[in-house]
Amino acid sequence: MKELFNMTTTIVGFPRIGAQRELKFATEKYFRNQITAKDLRKVGKELRKRHWLELQHAGIEQIPSNDFSFYDNLLDTTFLFNAIPVEIKNSSLSNLDKYFALARGYQGEEGDFKAWPMKKWFNTNYHYLVPQLTNDNSFQYHGGKIINEFLEAKELGIITRPTIIGPFTLLKLSEFGIGVTAEDFTQNLLTAYGDLIADLSANGAKWIQIDEPSLVYDLTSSEIQWVYDFYQRLLTKKDKTKILLQTYFGDIRDIYHQLLTLDFDGIGLDFIEGKETKKLVESGFPEDKVLFAGIVNGKNIWRNNYQTTLNLLDSLPIKKVILSTSCSLLHVPYTVSAEPFAPNIKKHFAFASEKLTELKELDLLQQNQQLGLLQTNQKLFAASRVEENLELHQQIEKLTETDFIRKPDFEERRLKQEDALHLPLLPTTTIGSFPQTREVKHARVALRKDELSQAEYDKFIKQHIQECIKWQEDVGFDVLVHGEFERNDMVEYFGQRLSGYLFTKNGWVQSYGTRAVKPPIIWGDVSRKEPITVKWSAYAQSLTNKPVKGMLTGPVTILNWSFPREDISLEESTLQIALAIQAEVLDLEKNGINIIQIDEAALREKLPLRKSDWNSEYLDWAIPAFRLVHSKVKATTQIHTHMCYSEFGDIIQAIDQMDADVISFEASRSNLEILQQLQDKHFKTLVGPGVYDIHSPRIPTKTEIINELHQILAKVPQQNIWVNPDCGLKTRGEREAKASLVNLTEATRIIRREL
Ligand code: GLN
Ligand code: ZN
């Protein structure tokens with residue numbers, strides 16, 4: 001039996017938007033000038049209080065603070081240290097408005113400030129703001145949010161553990177202006193973090209949590225040295241306050257042993273995603289440190305398997321353990337309690353609130369108390385949770401290599417498709433959706449509420465398709481789309497039409513700032529019940545002699561934007577989805593659709609954090625799963641795919657191996673950076689780099705588009721180029737979308753005459 005520690009449970013962080021997304025609605029009201037800053041701050045304060053008390057009530061003994069944020073924690077950290085652009089710092093905006101100016105940009109009397117860019121937070125769907133550090137910046141600590149929130153909790157009688165993103169992660173995730181590097185900030189950060197620790201300590205903090213998720217990446221020896229030197233110097237200044245170094249999203253194999261020699265009081269490790277964490281701890285963990293064991297999954301919504309967890313804890317040669325989550329609970333919804341699932345389904349889920357209970361129960365079990373809890377939990381895992389689709393399992397078992405290879409090969413198909421499709425040079429198309437007007441969204445709601453019959457709704461959608469086709473013909477697009485008016489979301493739409501999926505009513509997870517998503521849950525074996533998109537695509541094709549592109553979401557994206565199963569592998573789940581989408585592809589083909597786009601918007605997203613894992617852990621099954629979807633089509637059927645973010649230079653070969661005939665990708669915001677890679681790596685797939693940014697209401701001029709096309713022509717052979725905008729047309733207003741697309745087609749016609 002382990003020596004017991006009086007403080008035994010904690011979490012890395014808690015969601016902050018509020019169970020009813022109160023923070024989102026209040027913040028958006030503030031943005032629209034409907035409430036005052038004071039009102040907004042009050043909502044923030046209430047939410048913090050509610051969450052601290054909830055944690056306390058659930059028996060969590062170390063409660064974090066400063067995990068709250070009005071927008072993003074990395075922005076909070078940079079803002080706390082006042083490392084922000086001088087123009088904003090010197091403006092007479094209020095503090096809160098300076099903060100929001102960095103998050104969303106500001107245009108007004110005080111000036112014209114651009115927002116900091118946004119990027120995906122590690123391998124999650126949360127986005128952080130990328131600090132832009134220049135010569136003018138320095139980091140200084142003069143109090144602020146972190147201490148205020150600590151004192152706020154203290155007033156409620158709760159001594160929290162303030163959390164802050166650490167210097168290594170902060171610098172790793174920042175971008176630097178000309179003439180500055182991360183190194184330039186080292187001294188500065190040492191002082192700033194030192195002052196911060198001193199202040200929290202003077203005010204009674206017993207523990208401080210420093211988050212360094214960047215330590216789970218592959219680290220270079222100079223990075224390891226930097227971390228070691230920095231913390232060695234920082235920790236010499238520490239007094240009675242204990243410091244927890246918290247890591248998550250993987251294991252820290254590159255720096256584990258060095259970290260243990262530093263004077264941290266606690267080390268937080270992820271036992272869920274950290275494949276080697278157990279092995280590392282078994283190789284040694286100092287007696288004088290506390291292990292914050294991340295054993296409850298902060299990223300997925302399934303119940304913890306208590307026996308497995310207890311076995312793990314038992315096997316660790318550790319004296320002092322605090323049970324924790326693998327990462328912040330920011331990445332799961334609040335509570336399953338109000339979800340309308342049947343009890344025998346519901347009992348399998350643990351959202352944020354339920355995970356608090358799990359920690360408490362594991363703690364009791366660890367002390368050999370309330371053993372009945374273990375039995376109840378074991379029952380959840382003893383029997384098969386879902387009825388298995390044996391036919392599907394056999395189908396997957398029978399798959400052989402040839403099922404993943406499309407025949408004939410790319411070059412031969414290309415000639416056949418040219419003959420069949422007769423497309424001009426630089427064919428023009430769009431990525432799929434057309435503007436979703438309020439009218440379209442209302443019709444969907446009306447259908448759901450039975451205010452509109454299915455027949456009326458179908459008629460309404462058909463009318464939109466008809467107008468959309470007519471408009472594209474008039475403007476002169478070569479490959480048309482039906483416009484996706486029937487879809488709310490590219491994953492939910494498919495999930496709702498596949499068996500094996502569950503949907504929450506209120507399972508919101510913060511995506512960025514005030515935005516949240518509601519990922520569906522893969523509950524069981526996934527299969528297609530009936531054709532999903534055929535009716536709409538075939539109708540669109542019946543209206544025109546030009547080819548209409550069928551529009552599907554690919555298996556990897558469907559998986560990546562859902563909560564995945566834990567009882568079968570991601571690979572197996574993806575193959576199931578791939579077979580469902582394959583059936584849809586073949587039905588589209590049978591119904592006269594000769595061009596089919598299979599979107600893999602999120603393929604890059606779940607690339608493992610360690611490069612050495614990219615192939616074995618992900619690409620080796622994700623790319624074949626995509627190929628499985630289209631391997632059975634005729635040579636003359638042209639397969640397109642689409643990816644968001646052009647940041648895939650490093651996996652460009654894997655993308656070529658998807659063996660699509662054409663790929664379009666979001667490119668204009670990254671200045672077509674991808675072009676060089678395409679050239680260097682002799683990319684074979686035909687490409688449509690987005691020629692203008694769809695995220696802005698600005699209408700690009702013909703000249704701008706011509707310039708973009710010239711840049712593309714300079715790097716990619718002209719027979720390989722497609723012309724399209726970036727993705728996301730559905731979010732634009734009709735007027736600007738159409739004006740921009742007119743310019744796109746005209747610019748293309750001008751260029752064609754030059755060639
Ligand atoms: N076909 C989808 C659309 O045009 C693709 C969305 C995306 O790229 N995320 O909306
Ligand atoms: Zn996209």
Problem set entry | Subset of region 674-695 [under 28 Å from the mean Cα position of the chain (by Cα), part of a loop (DSSP other than H, G, I, E, B), surrounded by fewer than 17 Cβ atoms within 10 Å (Cβ to Cβ) and away from ligand 2 (no atom under 16 Å from the Cβ)] | K681
Exercise. What is the one condition in (1) in contact (Cβ under 8 Å) with a residue 60 or more places away in the chain; (2) part of a loop (DSSP other than H, G, I, E, B); (3) within 16 Å of ligand 2 (Cβ to nearest atom) that D659 does not satisfy?
Worked result: (3)
Exercise. Y692 versus (1) among the hydroxyl-bearing types (S, T, Y); (2) away from ligand 1 (no atom under 16 Å from the Cβ); (3) within 28 Å of R438 (Cβ to Cβ): which is the lone unmet condition?
Worked result: (2)
For this session: Using the structure shown, decide if R385 is basic (K, R), in a helix (DSSP H, G or I) and touching a residue at least 24 places away in the same chain (Cβ under 8 Å).
Result: no
Problem set entry | Every residue from region 538-567 that is surrounded by fewer than 21 Cβ atoms within 10 Å (Cβ to Cβ) and β-branched (V, I, T) | T544
Seminar exercise, completed: Picking from F249, F292, the residue that is within 30 Å of Q187 (Cα to Cα) and out of contact with any Pro (no Cβ under 7 Å at 6 or more places or on another chain) would be F292
Exercise. Where in region 513-620 are there helices (runs of 4 or more DSSP H), lying wholly inside it, with at least 1 residues that are within 30 Å of F249 (Cα to Cα) and touching a residue at least 40 places away in the same chain (Cβ under 8 Å)?
Worked result: 555-560, 570-590
Problem set entry | Looking only at region 40-77, and only at residues there that are without any contact (Cβ under 8 Å) to a residue 40 or more places away in the chain and over 25 Å from the mean Cα position of the chain (by Cα), the one that is farthest from K29 (Cα to Cα) | H57
Seminar exercise, completed: Note on region 639-676: residues more than 16 Å from ligand 1 (Cβ to nearest atom), among the polar types (S, T, N, Q) and modelled with pLDDT of 95 or more are Q657
Exercise. Is it true that some residue in region 326-339 is among the hydroxyl-bearing types (S, T, Y), in a strand (DSSP E or B), surrounded by 22 or more Cβ atoms within 10 Å (Cβ to Cβ) and within 26 Å of the chain's Cα centre (by Cα)?
Worked result: no
Problem set entry | Flag for I751 being away from ligand 2 (no atom under 16 Å from the Cβ), of a type in the set (A, V, I, L, M), within 15 Å of A667 (Cβ to Cβ) and in a helix (DSSP H, G or I) | no
For this session: Select from region 98-117 the residues that are more than 20 Å from I178 (Cα to Cα) and either in contact with a Gly (Cβ under 8 Å, 6 or more places away or on another chain) or surrounded by 16 or more Cβ atoms within 10 Å (Cβ to Cβ) (or both) and list them in ascending order.
Result: K98, Y99, F100, A101, A103, R104, Y106, E110
Exercise. Could you list, in sequence order, the residues of region 489-516 that are within 16 Å of ligand 1 (Cβ to nearest atom) and over 23 Å from A578 (Cβ atoms)?
Worked result: S511, Y512, R515
Exercise. Given (1) within 30 Å of Q719 (Cα to Cα); (2) more than 16 Å from ligand 1 (Cβ to nearest atom); (3) surrounded by 13 or more Cβ atoms within 10 Å (Cβ to Cβ), where does D458 come up short, assuming only one miss?
Worked result: (1)
Problem set entry | Whichever residue in region 625-638 is part of a loop (DSSP other than H, G, I, E, B) and surrounded by fewer than 22 Cβ atoms within 10 Å (Cβ to Cβ) and, among such residues, is nearest to ligand 1 (Cβ to nearest atom) | V633
Seminar exercise, completed: Scanning region 592-624 for residues that are within 24 Å of Q395 (Cα to Cα) and away from ligand 1 (no atom under 16 Å from the Cβ) gives S616, E617, Y618, L619, D620, W621, A622, I623, P624
Exercise. For region 41-62, does any single residue satisfy the condition of being in a loop (DSSP other than H, G, I, E, B), modelled with pLDDT of 95 or more, out of contact with any Ser or Thr (no Cβ under 7 Å at 6 or more places or on another chain) and at negative phi?
Worked result: no
Exercise. Taking G507, is it under 30 Å from E572 (Cα atoms) and crowded, with 18+ Cβ neighbours inside 10 Å?
Worked result: yes
For this session: Among the residues of region 388-433, write down those that are free of Cβ contacts under 8 Å to residues at least 12 places away in the same chain, more than 30 Å from G500 (Cα to Cα) and either within 16 Å of ligand 1 (Cβ to nearest atom) or of a type in the set (A, V, I, L, M) (or both).
Result: L415
Exercise. Looking at region 696-739, which of its residues are surrounded by 19 or more Cβ atoms within 10 Å (Cβ to Cβ), part of a helix (DSSP H, G or I) and within 16 Å of ligand 2 (Cβ to nearest atom)?
Worked result: L729, K730, A737
Exercise. Can you name the residue in region 642-663 that is farther than 24 Å from L609 by Cβ and either under 24 Å from the mean Cα position of the chain (by Cα) or among the hydroxyl-bearing types (S, T, Y) (or both) and, of all such residues, is surrounded by the most Cβ atoms within 10 Å (Cβ to Cβ)?
Worked result: H642
Exercise. Got at least one residue in region 85-101 being under 30 Å from L362 (Cα atoms) and touching a Ser or Thr at 6+ places or on another chain (Cβ under 8 Å)?
Worked result: no
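The values are calculated or read from the model by the stated rules, or taken from the named source; none is laboratory data. All of these numbers come straight from a predicted model, not from anything done at the bench. Using ideal geometry, Cβ is built from the backbone for each residue, glycine included, and neighbour counts are taken over all protein chains shown.
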